[in-house]
Structure formats: structure tokens, C-alpha cells
Amino acid sequence: MRNNFLVFGQPLIEIDEINEVIDSLKKAWLGTGPKVHKFEMDFAKYKDIRYSAAVYSCTAGLHLSCLALGIKSGDEVITSAMTFAATVNAIVNAGAVPVIADIDPITLNIDPVELEKKITSKTKAIIPVHFAGRLCEMDTIMDISKNNKLHVIEDCAHAIETEYNDKKSGTFGDLGVFSFYATKNLTTGEGGMIIGNDEEIISRIKKIALHGLSKDAWTRFSDSGYKHYFVENVGFKYNMMDLQAAIGIHQLKRIENNLVRRNKIWESYNNLLKDFPITLPTKTASNSKHARHLYTIRINKERCGISRDKFLEEMTKRKIGIGVHYLAIPEHPFYRKEYGLNPNDYPHATRYGRETVSLPISPKITDQDIDDVIQAITETLKSVK
């Protein structure tokens, strides 16, 4: 057994990020400033898109995107049954009604057939979630959106590097929203980014993200001289800080190199686990680029002899940090009570959510860590025989 606990999703922070944060501290510019603006420009360039808005979190980004696209009380927004609560909560906080569609059992992404069934006269938008780093069927989803005149906000929390036919995630719909949480492929601790090609929409997002002000702090207080601001909308406090961007600037520079390591870890897991009585992730299509954000296995009690939750308990005892991504949205009491959701109506997401386990994967994971994970799985499965 390991001497120390293997933390799930631990980020790889290197000296460049540390020095950049120190530089911000020395310059005493901690809030939204020049490094946020640089990070926005760098990210837009990476995504081959015109505009971007850095925000405090992906959750904030999804909320702002709904508001900027005019989604309001009484509107319906369709999203996946397999996602984190943030996706649904952003819809609710915009005043709209979340409508949940089941997933494809192979890709684990929203099923376009189920999505189309959910469209009503009240539907105003779709939020497809690129789960685990695999792109949704965006060609089909975009056709559905155009035929029904719906907005599309891509939830790219898991999918920074993801592509399909060389087209990058977040560039298919009206807006793409990304997460830089501590466990994400690119981290700023907390943080998010919204991208799009409509300057007016991104400008509106930036204003709403900072109290509805006409100018941010950097614009008001920089050495070019003080400038008055005006409140043009009712807004929120969702802006990113330079301290966050200082980390993100260098994380972004290494993201493709880090993906090489993620791919190696992914293949190691595939090779080492292929003979185990567990279900491994589905292969990626040849014309797609997977972000390798989550490596998810499925623990089916009939096949494995152990329940998923008992498996989690045994792996933790062996000092391996694992995750559950996620219980299906209809499993949660609030959504069941408030929106009448029933897990039985979403059989694919419900079954997956009750069997899934995410194994540690990050560029910080060593080959020895991988061996320790495999040993812990081996011991856990043997313990029930």
C-alpha cells in the first residue's frame, strides 16, 4: 500500500506559474488587470476565435451566457442528464426551466434524438456538455438548433483541447464556456472563460460580469489616467483576477504537452485494465481529439462482485483518490422535487451514474502512481472473492 494518499485530479504547477503569481504580488495588481487581458487574448488565439471573456468560474460563465443571449423567466433550456449541477443551476439562476435529455449509452453525451423530443414552443437554447473530454454530436445538434431557431451554449468544462474534424470545442455554438477549476486540464484554481465570435455579446458579458459597469478596474485606474464609469446594467461580481490569470497564462502554454502525458496515462490504463471485469471508456473516433479529462470505468456488481460504492470505499482505504462523475441529474432531490424528474425516465444516465468511477489522471501522475492504482483495483476485486 502507498505511504501517502494519491489526490484525485491534482494539478501540475511549475515554476513559471509561481514566478508569475509572485510578479503580480510584487506589482500589487491583484484584481482584473493586464494579465487577465493577456490570458483572454491568448485563449482566443488558441481557440481560433475572435473574442473571449475571463470570469471567476465556469458556473459564472454559463449563467452569464444565458443572460447575454436573452434567456429569461419561463424559457426552457435543454441540457444533458449526465453533467455537474452547475450546468443546470446556471439555467435556473437565469430564471429559466431546465429540461433534461438522456444520454447516448456509448458516448455518454446528450443524445440528439432525445434532445429533439424535448423541444417545445418555450425552448430557447441547448447546452450540450462535452462529457469527460469527448465532443458531442455537434453537427446534428447545430442542425437541430438551426431548424428550431435555438441558441447553443457549449459546456466545455471537460473539453479545452477537444476537436472534431480540426474544429475546436466551444466554436460550434453561439458561445463556448470553459472551466479552470483545480482539477481541470488547465487550472487557475477557480476560473472560467467564455468565447464567441459576436463582439456585442462578449462585450455584454464582460459588463454583466462586473456589476454592469462600463469600464473595469484596469481601464479606470491604469497609468493612462482615471476614467469615470457608469452602471449600464444590473450585474454580478464574476470577474477573474490577475492572480488567477497569472497561473492560466503558463498553464495554457503547456496544455498540448500535458495532453501528451494524459494520452500516455490513458493508454496505460487501457492496457493494464483490459482483462479486468470492468467497462473501460469507449474509443475515440479517428476524426476527433479527446481532451482526456476523465478516465471513467464502470463497476457493475454482477460482473465485478462488488458494488460501485463499496469499490469507492475500498480504493480510498488503499490511499487512492477516485471520483464519481456524476450521479445523473434526476437522482438529486432538488431537481426531482422542483421539476418532477424521475431517474427511471433517464435509464442510460441513471445506470451510468450508479456505476461510474473516475481514476486519477493528470500530467502530475507518475508511472508508479499508475501501478499503485492498478494494484489497488486488483486487491479490491480480489477482496470480494
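May I ask you to list the residues in the range 184-209 that are surrounded by fewer than 21 Cβ atoms within 10 Å (Cβ to Cβ), not small (Gly, Ala, Ser) and not in a helix (DSSP H, G or I)?
Correct list: Glu190, Asn197, Asp198.
Pairs, please: C-beta under 7 Å, at least 6 apart or cross-chain, first residue over 17 Å from Tyr295 (Cβ atoms) and in the range 370-385, second assigned to a loop (DSSP other than H, G, I, E, B) and among the β-branched types (Val, Ile, Thr)?
Hits for this filter: Leu381/Ile306; Val384/Ile306.
Yes/no per residue for (1) open to solvent by 10 Å² or more (accessible area, probe 1.4 Å); (2) at negative phi; (3) not polar (S, T, N, Q):
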position	(1), (2), (3)
Leu135	yes, yes, yes
Met142	yes, yes, yes
Ile153	no, yes, yes
Thr162	no, yes, no
Asn165	yes, no, no
Lys168	yes, yes, yes
Leu175	no, yes, yes
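Name the residues in the range 72-100 that are free of Cβ contacts under 8 Å to residues at least 40 places away in the same chain and either surrounded by fewer than 18 Cβ atoms within 10 Å (Cβ to Cβ) or in contact with a Lys or Arg (Cβ under 8 Å, 6 or more places away or on another chain) (or both), would you?
Lys72, Ser73, Asn89, Asn93, Ala94, Gly95, Ala96, Val99, listed by residue number.
Listed residues Val77, Val99, Val113, Val88; which is over 15 Å from the mean Cα position of the chain (by Cα), modelled with pLDDT of 95 or more, among the β-branched types (Val, Ile, Thr) and assigned to a helix (DSSP H, G or I)? Steps first, answer last, please.
On the way: Val77 fails: assigned to a helix (DSSP H, G or I); Val99 fails: assigned to a helix (DSSP H, G or I); Val88 fails: over 15 Å from the mean Cα position of the chain (by Cα).
One residue alone meets the criteria, Val113.
Might you let me know whether the range 145-156 holds any residue that is at pLDDT 95 or above, assigned to a loop (DSSP other than H, G, I, E, B) and over 14 Å from Ile78 (Cα atoms)? Full working, then the answer.
Quick first cut of the range 145-156, residues at pLDDT 95 or above only: 145-156.
Cutting the leftovers down to assigned to a loop (DSSP other than H, G, I, E, B) gives us 149-150, 156.
Now narrow it down to the ones that are over 14 Å from Ile78 (Cα atoms): 156.
Yes: the range 145-156 contains one or more residues that are at pLDDT 95 or above, assigned to a loop (DSSP other than H, G, I, E, B) and over 14 Å from Ile78 (Cα atoms).
Those residues that are closer than 25 Å to Glu267 by Cβ and either in contact with a Gly (Cβ under 6 Å, 6 or more places away or on another chain) or open to solvent by 30 Å² or more (accessible area, probe 1.4 Å) (or both), I need them from the range 337-359; list them, please. Spell out how you get there, then give the answer.
Filtering the range 337-359 down to residues closer than 25 Å to Glu267 by Cβ leaves 352, 355-359.
If the condition is that a residue be closer than 25 Å to Glu267 by Cβ and either in contact with a Gly (Cβ under 6 Å, 6 or more places away or on another chain) or open to solvent by 30 Å² or more (accessible area, probe 1.4 Å) (or both), then Ser358 is the only one that fits.
Residue by residue through the range 1-33, note down the ones that are over 27 Å from Tyr238 (Cα atoms) and in a helix (DSSP H, G or I).
Within the range 1-33, just Ile15 meets the criteria.
Given the criteria part of a loop (DSSP other than H, G, I, E, B) and within 24 Å of Ala182 (Cβ to Cβ), does Leu327 qualify?
Numbers: part of a loop (DSSP other than H, G, I, E, B): yes; within 24 Å of Ala182 (Cβ to Cβ): yes.
Against the criterion (part of a loop (DSSP other than H, G, I, E, B) and within 24 Å of Ala182 (Cβ to Cβ)), Leu327 qualifies.
For the range 215-258, which residues satisfy the criterion of being closer than 21 Å to Ala68 by Cβ, open to solvent by 30 Å² or more (accessible area, probe 1.4 Å), at pLDDT 95 or above and among the aliphatic types (A, V, I, L, M)?
Matches in the range 215-258: none.
Exactly one condition in (1) open to solvent by 40 Å² or more (accessible area, probe 1.4 Å); (2) on the phi < 0 side of the Ramachandran plot; (3) touching a strand residue (DSSP E or B) at 6+ places or on another chain (Cβ under 9 Å) is false for Ile49; which is it?
(1)
Please work out which residue is modelled with the lowest pLDDT, limiting yourself to the range 259-289 and to residues that are open to solvent by 50 Å² or more (accessible area, probe 1.4 Å) and of a type in the set (Ser, Thr, Tyr).
Ser286
Thr296 - would you say it is under 30 Å from Val260 (Cβ atoms) and part of a strand (DSSP E or B)? Break it down stepwise before answering.
Values: under 30 Å from Val260 (Cβ atoms): yes; part of a strand (DSSP E or B): yes.
Yes.
The values are calculated or read from the model by the stated rules, or taken from the named source; none is laboratory data. These numbers come from a predicted model, not from an experiment. Positions of Cβ are backbone-derived with ideal geometry, glycine not excepted, and every protein chain shown enters the neighbour counts. All accessible areas refer to the heavy atoms of the entire protein, side chains included, with ligands and DNA or RNA removed. Shrake-Rupley method; radii C 1.70, N 1.55, O 1.52, S 1.80 Å.
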